Amino acid sequence: MAAAAATTEAARAKSGGKRKLLLIGAGVLLLAGGGGGAWFAGLLPHGARYGDGHKEDAHAAAKAPAVPVFLDLPDIVANLNAGPRRAAFIKLKAKLELARPEDQAVVQAAMPRVLDLFQTYLREMRPDELRGTAGTYRLREELVARSSIAAQPARVLNVLFTELLVQ
C-alpha cells in the first residue's frame, strides 16, 4: 500500500511539473507574440541600421518646415436652397491656405472663378446640411476641392473659416 501511494505521489509531481512547464512556455510565447505585434505596429522602436542616421539628418535638413501662406477671400453672402419656406442665407468669411508663396498670384488671378464656384455651391446647399460640426467639415472639404480646381496649377491646402453665419 505504501508503494502504491508513492507511485501516485510521483505521478502527481511529474504531471504538476509538466503543467508548470506548459504554462511557462505559453507565457513566453504570448510575450514574444505581443512584442512582435507591437514592433510591427510601430509601438516599439525599430532598430537603426548602419548608416541610416546620416540619411535621416540630411533629409530633415533638406525638408525645412514651410511657412503657411494665407489669402483672404472677400465676404460671401448667398441664399440657401430652403425650398418654399422662408429665405435662408449664409454669410462666409474665409481664408485660403496655400502650399507655396508663388501660388498666391495664381489664386488671386483665378479669384472670380473661385468665388463663382463657391457661390453656385452655396446656393444649392440646404440649411440642414450645414448643421453641426459634420456639416461644417463637409462644407470645408467641398470648398477646398472647388478652389483647387479653379486655381489649377496652384495648390489650396485648406479653407479656414473666420466667420460662418447661417440665418
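The values are calculated or read from the model by the stated rules, or taken from the named source; none is laboratory data. Since the model is a prediction, treat every value here as computed from it, not as a measurement. Counting neighbours? That spans all protein chains shown, and the Cβs are built from the backbone with ideal geometry, glycine included.
Observations on the model:
- Identity of the residue in the range 92-110, of a type outside the set (Gly, Ala, Ser) and within 16 Å of Ala78 (Cβ to Cβ), that ends up surrounded by the fewest Cβ atoms within 10 Å (Cβ to Cβ): Lys93
- Residue in the range 118-134 that is within 19 Å of the chain's Cα centre (by Cα) and surrounded by fewer than 17 Cβ atoms within 10 Å (Cβ to Cβ) present: yes
- Boolean, Tyr137 is at pLDDT 90 or above, on the phi < 0 side of the Ramachandran plot, surrounded by 14 or more Cβ atoms within 10 Å (Cβ to Cβ) and hydroxyl-bearing (Ser, Thr, Tyr): no
- Any chance Ala134 is assigned to a loop (DSSP other than H, G, I, E, B) and of a type in the set (A, V, I, L, M): no
- Pairs linking a residue in the range 104-129 that is under 11 Å from Ala151 (Cβ atoms) and in the same structural domain as Val144 (by TED's automatic domain parsing) to a residue that is among the polar types (S, T, N, Q) and part of a helix (DSSP H, G or I), with Cβ atoms under 7 Å and 6 or more positions apart or on different chains, are Val114/Ser147.
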